[in-house]
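> Quick one: this structure, given as structure tokens, is what I'll be asking you about.
What follows draws every value from the coordinates through simple rules; no lab data is involved. What you see is a predicted model, and the numbers here were worked out from it, not measured in a lab. As a convention, Cβ positions derive from the backbone with ideal geometry for all residues, glycine included, and neighbour counts pool all protein chains shown.
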Amino acid sequence: MRRSLHILPIIIVSQFCCTSLWFAGNAVLNDLVIHLGLDPASLGHLTSAVQLGFIIGTLVFAVLTIADRFSPSKVFFISAVLGGIFNVGLIWGINSLSGILVLRFLTGFFLAGIYPIGMKIAADYYEKGLGKSLGFLVGALVLGTALPHLLKDLSAGYSWKSVMIATTSISFFGGLLMVLFVPDGPFRKRSQQLDFSAFFEVFKNGQFRSAAFGYFGHMWELYAFYVFVPLMLKGFSTVHPDALFNVPLISFFVISSGGISCVIGGYLSQIYGAKKVGFLALLLSCACCLISPAIFAFGSEHIFIGFLIFWGMVVIMDSPMFSTLVAQNASAEKKGTALTIVNCIGFAITILSIQLMNALSQMTDSNYIYVILAIGPFLGLISLRTNYKSTDEGKVA
């Protein structure tokens, strides 16, 4: 038990380091636009390429049962190295959008060997208290996602390539940390291969279906919000020219604030249950979507920044809650398959919302477009309200 106490911090640090690859391309988009003459609309395409790579990677890893046949820590390390190589590949003479998209796709593919594998490693060590552990891990993911924006701010005056080199180096370090100090966990068990018929079977369970639909609604909003935080800041400055923002730094704080809320949510779930905490977070993020035009129009830059930070907290707080509920309501023999299916569908939904927001942002400069992000949370809330009937309210041990 003592040994496992220091395992979670190592997993958290490794997860934080390696998921910095996720938004590295977004952080340097303006430089790529200038350097390669790209269209500003490329922002949505860059993120969608990573998401698509992650979706395909997750399916491949599951079908080949990579994490079951090989040491998860070694899989994590190899994925961190290969993901880092494709990440830094942006500076190796790539001179077209298609080349950049291929590299971001491959980076996303190997992120599938980092984020889900990190959660599996945690589950191999912490059979009880999984909700709290996932709260820490998703928090690490959020901080890692936000890190490139901070690096971009700190490297002001240096080439954009320094951000790519830094995130790749950090990823290498995280992978090395995992493979050296986190051996296979005591609760590691071999699971069955992916059963495609399970796609229909798992959704016959009303509690599982409710948790999954809540997750899907959450994902519609989450990554679209992350992608458009810098554009929200620029949009506010357009409406209120007196507002001068350090966009990379504020974007970092807005996104990274979710790391704190994930940890808080993990602890609250032990008291109130994962369902209640997830429902409340989804309700609050839905409200943020709906009132966002009013905040844009209000004119106070301090209130606007505070609002974005609050939104950044509640938009991700429900993620570990829904992951916990999905795991709790899937049968043991199909748990791996069920989690894979939900993960893949959720990230596929992010592509749709990002591309929709990207298209709308090119058609109009109205800040009312962010209201559309409320569609996902609204439908998720309906699902949680009408379908979920749990005897223990989803309390996390």
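> Kindly provide the helix-only [θ] at 222 nm of the chain, computed as the sum of -39,500 (n - 2.57) over DSSP H runs of four or more divided by all residues, to the nearest 500 deg cm²/dmol?
-25000 deg cm²/dmol
> Can you put 240, 35, 45, 218 in order, fewest other beta carbons within 10 Å first?
Going from least to most buried by this count: 35, 240, 45, 218.
> Could you give the semi-axes, largest first, of the ellipsoid that matches the chain, computed as the square roots of 5 times the alpha carbon gyration tensor eigenvalues and rounded to whole Å?
Working from the Cα gyration tensor, I get semi-axes of 31, 26, 19 Å.
> Still on this structure, please answer the following. Under the classification rounded if a/c is under 1.5, otherwise prolate if a/b is larger than b/c and oblate if not, where does the range 231-300 fall, given a ≥ b ≥ c as square roots of the Cα gyration tensor eigenvalues?
Oblate.
> State to the nearest 20 debye the size of the charge dipole of the chain about its Cα centre, where the only charges are +1 on K and R beta carbons and -1 on D and E beta carbons. Write out the running numbers ahead of the final one.
Working: 23 positive and 17 negative charges, 230 e Å.
Computed charge dipole of the chain: roughly 1100 debye.
> On to the next question. Roughly how many debye, to the nearest 20, is the charge dipole of the range 1-179 about its Cα centre, given +1 on each Lys and Arg Cβ, -1 on each Asp and Glu Cβ, and no other charges?
Using only the charged Cβ atoms, the result is roughly 480 debye.
> For each of 92, 22, count neighbouring Cβ atoms within 10 Å of the residue's Cβ, then give the residues from fewest to most.
92, 22
> Name the residue from 53, 125, 97 whose Cα lies farthest towards the positive end of the charge dipole of the range 1-179, charges +1 on Cβ of Lys and Arg and -1 on Cβ of Asp and Glu.
Of 53, 125, 97, it is 125.
> How large is ³J(HN,Hα) for each residue in the range 148-162, as worked out from phi by the Karplus curve 6.51 cos²θ - 1.76 cosθ + 1.60 (θ = phi - 60°), to whole Hz, x for Gly and Pro?
Values, residue by residue: x, 5, 5, 4, 5, 5, 5, 9, 4, x, 9, 5, 4, 5, 5 Hz.
> Continuing with the same structure: Report the Cα centroid-to-centroid distance between the range 107-124 and the range 219-269 in angstrom, as an integer.
24
> Also: Using a/c under 1.5 as the rounded threshold, could you call the range 13-58 rounded, prolate or oblate? The axes a ≥ b ≥ c are square roots of the C-alpha gyration tensor eigenvalues, and prolate needs a/b larger than b/c, oblate otherwise.
It comes out oblate by the Cα gyration axes.
> For the range 1-179, what does the alpha-carbon gyration tensor say about shape, rounded, prolate or oblate, given a ≥ b ≥ c as the root eigenvalues, a/c under 1.5 as rounded, and a/b over b/c as prolate?
It comes out prolate by the Cα gyration axes.
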